[in-house]
Amino acid sequence: MPNPKRRHSKSRTRKRRSHDALKVPQFYYDKDSGEPVQPHRINLKTGTYRGRKIIEVKKEK
């Protein structure tokens, strides 16, 4: 199993770990309903994606 020959400096370790932070999930507001929606996903309430009807949505009673 490979092991490092020398110790990594603190700055090098922190540079590597700078990308590990949690990111806030992205969203946008739908033009028709005004609700927040994740990009590149089918809107499950309306069944549309980019203005096209993709799936049939069952209506609740």
If Arg6 meets every condition in (1) exposed (fewer than 10 other Cβ atoms within 10 Å of the Cβ); (2) in a helix (DSSP H, G or I); (3) basic (Lys, Arg) apart from one, which number is that one? (2)
Of the candidates Thr13, Thr46, the one satisfying the condition of being assigned to a loop (DSSP other than H, G, I, E, B) and of a type in the set (Ser, Thr, Tyr) is Thr46
Would you tally the residues in segment 23-43 being assigned to a loop (DSSP other than H, G, I, E, B) and either in contact with a helix residue (DSSP H, G or I) (Cβ under 9 Å, 6 or more places away or on another chain) or β-branched (Val, Ile, Thr) (or both)? 2
Kindly provide the set of residues from segment 37-61 that are of a type in the set (Lys, Arg) and on the phi > 0 side of the Ramachandran plot, ordered by number. Arg50
When only residues in segment 46-59 that are farther than 15 Å from Tyr28 by Cβ and of a type outside the set (Gly, Ala, Ser) count, which is modelled with the lowest pLDDT? Lys59
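The values are calculated or read from the model by the stated rules, or taken from the named source; none is laboratory data. Keep in mind the model is a prediction, meaning the values are calculated, not measured. Every residue, glycine as well, gets a Cβ built from its backbone with ideal geometry; the counts of neighbours run over all protein chains shown.
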